[in-house]
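Step one of this worksheet: look at the structure below.
The values are calculated or read from the model by the stated rules, or taken from the named source; none is laboratory data. Because the structure is a prediction, the values reported are computed rather than measured. Here the Cβ is made from the backbone with ideal geometry for all residues, glycine too, and neighbour counts use every protein chain on show. These area figures cover heavy atoms from the full protein model, side chains too; ligands, DNA and RNA do not enter into them. Shrake-Rupley method; radii C 1.70, N 1.55, O 1.52, S 1.80 Å.
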Amino acid sequence: MEHIITPKVEYVKLLDRFTSKKPTLGTLYLTATHLIFVESSSEIRKETWILHHHISTLEKLPLTSAGCPLLIHCKNFRVAHFVITRERDCHDVYSSLLRLSQPVDYEELYAFSYNPKQKEMDRGIGWKMINIREEFQRMGVPNVHWEQTDVNENYEICNTYSSSLYVPREATKPTIVGSSKFRSKGRFPVLSYFFKANNAAICRCSQPLSGFSTRCVEDEQMLQAINSSNPDSSVVYVVDTRPKLNAMANRAAGKGYENEDNYSNIRFQFVGIENIHVMRNSLQKLLEVCELKTPSMSDFLTGLENSGWLRHIKAVMDAGFFISKAVAEENASVLVHCSDGWDRTVQVCSLAGLLLDSYYRTIKGFMVLIEKEWISMGHKFSQRCGHRDSDPKEVSPVFTQFIECIWHLMEQFPCSFEFNETYLLEIHDHIYSCQFGNFIGNSQKERQELKIQERTHSLWPFLLEKQYQYRNPLYKPSAINTVLKPNTAPFNFRFWCGMYNRFDRGMQPKQSVLESLQAAMKQKTELEETVEDLNQQKPLHPDESHFTLNLPSKLSNEEHSPQTQDSTEEHKNPLANGMEELVETISDGSEEMENVLDSSLMHQSASNHSDSLTLNKLNAQGDEEHLEICPNKDEK
Amino acid sequence: MEHIRTPKVEQVKLLDRFGSNKSVIGTLYLTATHLIYREVTTVNPKEIWIMHHHIAVVEKLPLTTVGCPLAIRCKDFRVIHFIIPRERDCHDIYNSLLKLSCPVKYDDLYAFAFHPKKTEYEREMGWKVINLTDEYSRMGIPNAIWQLTDVNRSYKICDTYPTHLYVPKSVSKPIIVGSSKFRSKGRFPTLSYFYQQKQAAICRCSQPLSGFSARCLEDEHMLQAISKANPNSHFMYVMDTRPKLNAMANRAAGKGYENEDNYSNIRFQFVGIENIHVMRGSLQKVSEVCGTKALTSNDFLSGLESSGWLRHIKAVLDAAALLAKAVGYDGASVLVHCSDGWDRTTQVCSLGSLLLDPYYRTIKGFMVLIEKDWISFGHKFADRCGQLDGDTKEVSPVFTQFIECVWHLIEQFPRVFEFSEAYLLEIHGHVNSCQFGNFVGNCQKEREDMNIKNKTHSLWSFLLENQHKYLNPLYDPNLPCVHEVIEPNTVAFNFKFWRSMYHQFDKTIHPRQSQLELVLSLSEQNKQLEIEAKQLEKKIIELGEKPRTVIKKESFHLVSRLSQTLKATDKMCKERQSTPGTNPIRTVEGSNIPEDGCKDLKPSFSKAEPTLVNLELGMAKMTC
């Protein structure tokens, strides 16, 4: 709190980036965790909440006649442009935010102060929701070829790996230790995913310290062990996800890549994903394009091309697809690495796992995937997301790219994912929000030292509670056990408006297909229930008729008409009502569902009803506030 | 028939542009109307029918060891690569196709030979499906201010306009004649759309023959009358859809644009849509980008950018949005023109009306719109689509752009259109196919001279018969938003490459799962369930009981049930498949066998082949 000089500034203008509408007037509040803008102009109190941790850059623009402009760029791609009347206030807010958005200690992160009304026991259970060991059991590991090793129990061999790792039974402890000494940061080859259907495995590690000619017998044994653990195939693919040039340059520093001659039966392959610095710059360029006020078609396309962003996304996707093909079609095991094995390797391994295994395409399974590949194996979330004030060169949108790859897959396979776009966006938000402990720190060891599990809450149970919001109405569980084969022609990659222009509501499609589908799906469920119900009634049970309704009258007169009215108003003034609507929807949700249940049966064209319902929620959907609002209601 | 030398070639290979290197072996048949390729390899042989009229370019590529490659580019963006073992055969086919794909006279067009099993009466009724007089009276015309004029009764004043034209009551015949003399090709200002709520009109014409300083009192009078016809606004907009530079250049040729000083109360505006030659070049570049093998993301984006295609689409939509805003919000009348008033003007007027009027967003209404603004007002379909062997400089994708604009609108407003993308693709296919008489010729007069209505069939009745295929499941006429003026967002981020159009036939790069189909089957199921519920209830009542419904108190309960019921649903679907009249769910999980996925998708998505197969089987067999 000591950093907040001016907790409240009045008569602040919020400018809209795209529509030329009048700026909205309101009051700016600065709290310990959020910057809150409350509109004063409309009767409806519309609020915009910006978490301090989401702020990536702050800019004070040159003074204008209207006041002092303050431009805020957020990590979740929100751009807020305030104009504060007095320069002094602006300066105060600016310097407070500057300090608040760049915490120095982990202790300052929101997760350590976030306290939803939850029992201590529930908190503990929340952390136990995902168990990596169970996940490996689901894959069928340990088995005759693979076993758990305790070699890294106290993070002695590799302090960025988790403590429980899976290796081939054939690999002895000395082999592991020897191999780890020959690998950058000690990240020796371990199991990432086991494909039960044909015993092929995806393994991951970091680059070998081979320089120009160094060899390591243990490391060669290790790869041999991985090879012999898959009796169906005589070769192991070794996939270096870096561009060849980068890998060769690394040799000069005593690192490098595997020499095919030294390892028996490996097939070596580069896949050419660029490094974190290239990716950071690429995103920067992409965001510059997004910010153009009235870009011409050429500006947009040239900008998109120059940024190279879609090229990188395609490269990651191509690599993931390559590995899943090797595993599923050629029955071959694959060892994946990049430089340190915690950025590109993670992207590619998790993507390949998702293509191979339909479990990871469910809401729960996706959490498990992130927990297994990203969190436990030490993707450096704190550095990549810039949780604390540290080296900006370490920041990179590695996880964002992964999320975007999933989105592109969802576009190609709309029926194969249990979750929808909202789920991806929600997770992406929480990577930066530091509201939950899951993504804090750079490795498992660091999190244990921070006592994350004792002091913070886990994101996963929070998401599961709200899972009805994240469901994909088109999901077909019957599509289980299929390996996805995405098409990676450039035509299939496009700019993700829903991510990078998410908060520019003027730019979002005004009608959401997802919403109408969800409504139709719900209607279907209800109709089926009714049919079932009526079917059960057919055998004579006259005594139980305690809910006798005269359906037609109730329906058409009471329920339907107000709904329609609502949505008319709604449509005329879509921006102003967003917030109110949301709260309404949340609180009235249960009631409405009941109503629908009543009505669905006899409604002449029941679709009207659910459609107007949808419209209510439609605007709420695009509303940014709903992410932050729930947890914070409690705090207030 | 005289052009066909080799009606059948065996052992022909078909290459896939994007998919695997696997090629298919089959037999090629050449008929009077179609080139047919039939696979021999599989149990369930696939057939590809290519109408001769759809063929844009035939190319013989250099001989290879496996045979002689023949590349065919179609107007519906299909690209096909055959390899014919013997060079002689290839040469024969090549020559035949060259002749067949460029008919010299209208009588050679397919429409005159196409005879579906229909009675003469049905054929005639087909032509009466759309009546423009009805359409104008739907808009409220004629009324106190606008009336029908017979000035162009026998195409005396303007031979590219229809006979029935609507002008303000206050203009006399001499004024019309005078104005038409001052307008390029005699295309004087006439009513295109009347917006009843605000009494504002969209009018269209061609450029004035103003040169640097010529004036015409009658024309000024005409505009004055149009402006006065709208009591809600004291001025009118004149929208020149050309870039300013082009319009100025035209002045040197004695044409040009209106001088604001000479006309009272007009507001003049350029909107900068490029001409047909630029558009043709642009589409050419898009096709080149599409055809590139092993395309990188950067090449694709820079190719798309340098083609300028999306820029042009955006320009057209921008103009239409501006028009709709002027009419719908400002309540001002607008006069739209370009050079001759049959390309850009048509695009902008028809899109503007579509934004304003929900009727044009229905299946029937969209036909009316095309009939009114495109066909009757003389968009030169024959020239623009290259129906006959003629000047290639006249060919231009003007109509394609219009269709693409509508698609972009559907993407932005998925719930206000009665039709889906499939409808657009079907219409686009038929503009080039010449299978129906509607789009044959360049203007109404030409079609009357050819006796189109007596000799050919109309597309509209055919589309109406099949309309269930084109329905948009998300459309609901009871939604309030359906009836509003739609305001598209034309920020560059909202424009994207239309894969289903330009890669319509490259099934391998399409998504393997079709949302549209799923939704269609879902809404079908809902209907069935509703009926079932009603019947059950009736039965219960007949049994002498009162129906009851269980009300779920906890919404939580409902949510948790969702997943269960989803599973249950699948079971139900399977059961339902046996019931007649239900559309069984078609699961397109093509991940395992992509080829199968394509096959599944085919019946609903590829338009040309199945419809033709159904309708023309007799015909084709006969001509073989």
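The DSSP beta bridges internal to segment A:131-279 are antiparallel in roughly 65% of cases. With only Cα atoms counted, segment B:69-129 has Rg and Dmax values of 17.3, 50 Å.
So how strong a dipole does segment A:52-144 carry about its Cα centre when Lys and Arg Cβ are +1 and Asp and Glu Cβ are -1, to the nearest 20 debye?
240 debye
In the context of the full protein assembly, B:THR163 retains an accessible surface of approximately 30 Å², using a probe radius of 1.4 Å and ignoring ligands and nucleic acids.
Where q = 0.12, 0.15, 0.18, 0.21 Å⁻¹, what log10 of I(q)/I(0) comes from the Debye formula for segment B:178-284, counting one point per Cα? With one equal scatterer per Cα and no solvent, log10 I(q)/I(0) is -0.43, -0.66, -0.91, -1.17. The 1.4 Å probe gives accessible areas that order A:TRP127, A:TRP460, largest first, as A:TRP127, A:TRP460. For the residues of B:478-486, the average number of beta carbons from a partner chain within 10 Å of their own beta carbon is 5. Among A:SER96, A:TYR106, A:TRP49, whose Cα projects farthest towards the positive end of the dipole of segment A:44-136, with charges put on the beta-carbon of Lys, Arg (+1) and Asp, Glu (-1)? The listed residue farthest towards the positive side: A:TRP49.
Note on A:LEU63: accessible area approximately 110 square angstrom, rounded to 10, probe 1.4 Å, nucleic acids and ligands left out. Think of each Lys and Arg Cβ as +1 and each Asp and Glu Cβ as -1; about the Cα centre, that makes the dipole of segment B:1-116 roughly 220 debye.
A simple rule links phi to the HN-Hα coupling: the Karplus curve 6.51 cos²θ - 1.76 cosθ + 1.60 with θ = phi - 60°, which for segment B:73-78 gives 10, 10, 6, 9, 6, 7 Hz, with x for Gly and Pro. Our compactness index for segment B:37-186, the C-alpha radius of gyration over the empirical 2.2 N^0.38 Å, is 1.72. Extents of segment A:32-94, largest first, come to 31, 27, 21 Å (Cα atoms, principal axes, whole angstrom). When the Cα positions of B:PRO85, B:THR163, B:ALA111 are compared along the charge dipole of segment B:48-163, B:PRO85 comes out farthest toward the positive end, with charges on each C-beta of Lys, Arg, Asp and Glu. Shape annotation for segment A:270-415: C-alpha extents along the principal axes are 49, 36, 32 Å, from largest to smallest. In percent, rounded to a whole number, the relative contact order of segment B:320-384 is 31, using alpha-carbon pairs under 8 Å and six or more apart. Listed values for segment B:113-127 are Karplus-derived 3J(HN,Hα) couplings in whole Hz (6.51 cos²θ - 1.76 cosθ + 1.60, θ = phi - 60°), namely 10, 7, 10, x, 6, 9, 6, 4, 5, 4, 4, 5, 4, x, 6, and x replaces Gly and Pro.
Close amide H pairs (under 5 Å, H built 1.01 Å from N) link A:LYS8 with A:LEU30, residues at least 5 positions away or on another chain. For B:GLY390, no residue whose modelled amide H falls within less than 5 Å of its own remains once neighbours fewer than 5 places apart on the same chain are excluded. Restriction of the trypsin sites (Lys or Arg not before Pro) in segment B:1-84 to DSSP coil positions whose beta-carbon has at most 11 other beta-carbons within 10 angstrom yields B:LYS22.
Across segment B:398-452, Cα-Cα distances exceeding 13 Å account for 64% of all pairs. Listed values for segment A:158-165 are Karplus-derived 3J(HN,Hα) couplings in whole Hz (6.51 cos²θ - 1.76 cosθ + 1.60, θ = phi - 60°), namely 9, 7, 9, 8, 7, 7, 10, 10, and x replaces Gly and Pro.
Rounded to the nearest 20 Debye, what is the dipole magnitude of segment A:270-360 about its Cα centre when Lys and Arg each give +1 and Asp and Glu each give -1 at the C-beta?
For segment A:270-360, the charge dipole is close to 140 debye.
Counts of other chain beta carbons within 10 angstrom of each beta carbon in peptide B:282-295 average 1. Backbone amide hydrogens, once placed in the peptide plane, bring B:ALA201 within less than 5 Å of B:TYR195, B:SER333, B:VAL334, excluding anything fewer than 5 places away on its chain. Projecting the Cα atoms of B:ALA324, B:ILE375, B:ALA422 onto the charge dipole of segment B:307-452, computed from C-beta unit charges around the Cα centre, puts B:ALA324 farthest toward the positive end.
Quantify how strongly other chains surround peptide A:460-467 by giving the mean number of their Cβ atoms within 10 Å of each of its Cβ atoms.
1
At q = 0.17, 0.21, 0.22, 0.23 Å⁻¹, what is the base-10 log of I(q)/I(0) for segment A:150-260 according to the Debye formula with one equal point scatterer per Cα and no solvent? Please give it to two decimals. Summing over Cα pairs of segment A:150-260 leads to -0.82, -1.20, -1.28, -1.35.
Accessible surface ranking for B:PHE366, A:PHE195, 1.4 angstrom probe, highest first: A:PHE195, B:PHE366.
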